[in-house]
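Below: one structure, written as structure tokens.
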Amino acid sequence: MKKQFMSRGIFEQPFMNSRIKTASMTRKEKLLGYLAGPFGTLALMAVVNQLAELYYTEVFYIDQIFGVGTYLVMSWVTRIVAVLSGFMVAYIVENSVSSQGRIRPILLIGALISAVGGFFMFFIPEMPDPAKLVWVYVFSILYNGIGVTMFSLRANMYTLCTRDQNNRRVLSTGSISSVTAFRSFSTP
């Protein structure tokens, strides 16, 4: 018997259902849900990733406190966890059963983990140095290793951005570029 994730739980509650009942998307849905939402999230992730190294090396002084190479080791550990969590996310998506689909709940969970991990990556409370190192590792792994990996399913957002099955079929084959996809959605 295959294990099924999300068959019961918060994603099956009525308040999680879409209030939209039409098959076509409005211009507002296209602009906010397909362009502004993913662009804002990607821009935030790019800024956080660029500032993390500067923060840890120039503000927190991770290498001076814990020895040369500490930031490099943390980066590698985070990447290894990201690869492992990628396999975990793929397994969960493959074995998910939800009225919200397989990917949408994972996108939401990934965005929430990224938000929490991203905030606490830069908010390091006053505590002993070993505890600070554990704090930095945990929230760096939560943000980069788990949250961003779960949110990286955004590549599938093209097929999630429409309820029209013909558009989904064209988008899921990968036969058109994202610019062409956006042009096809920009008509009312």
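The values are calculated or read from the model by the stated rules, or taken from the named source; none is laboratory data. Being a predicted model, the structure only gives us computed values, none of them experimental. Here the Cβ is made from the backbone with ideal geometry for all residues, glycine too, and neighbour counts use every protein chain on show.
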Just wondering, is there one or more residues in region 95-103 that are out of contact with any strand residue (DSSP E or B) (no Cβ under 7 Å at 6 or more places or on another chain) and assigned to a helix (DSSP H, G or I)? no
Among the residues of region 38-62, the number that are surrounded by fewer than 16 Cβ atoms within 10 Å (Cβ to Cβ) and of a type in the set (A, V, I, L, M) is 8
Kindly indicate whether Val83 is over 20 Å from Phe60 (Cα atoms) and in contact (Cβ under 8 Å) with a residue 40 or more places away in the chain. no
All but one of (1) farther than 19 Å from Glu53 by Cβ; (2) at pLDDT 85 or above; (3) among the charged types (D, E, K, R) hold for Lys132, so report the exception by its number. (1)
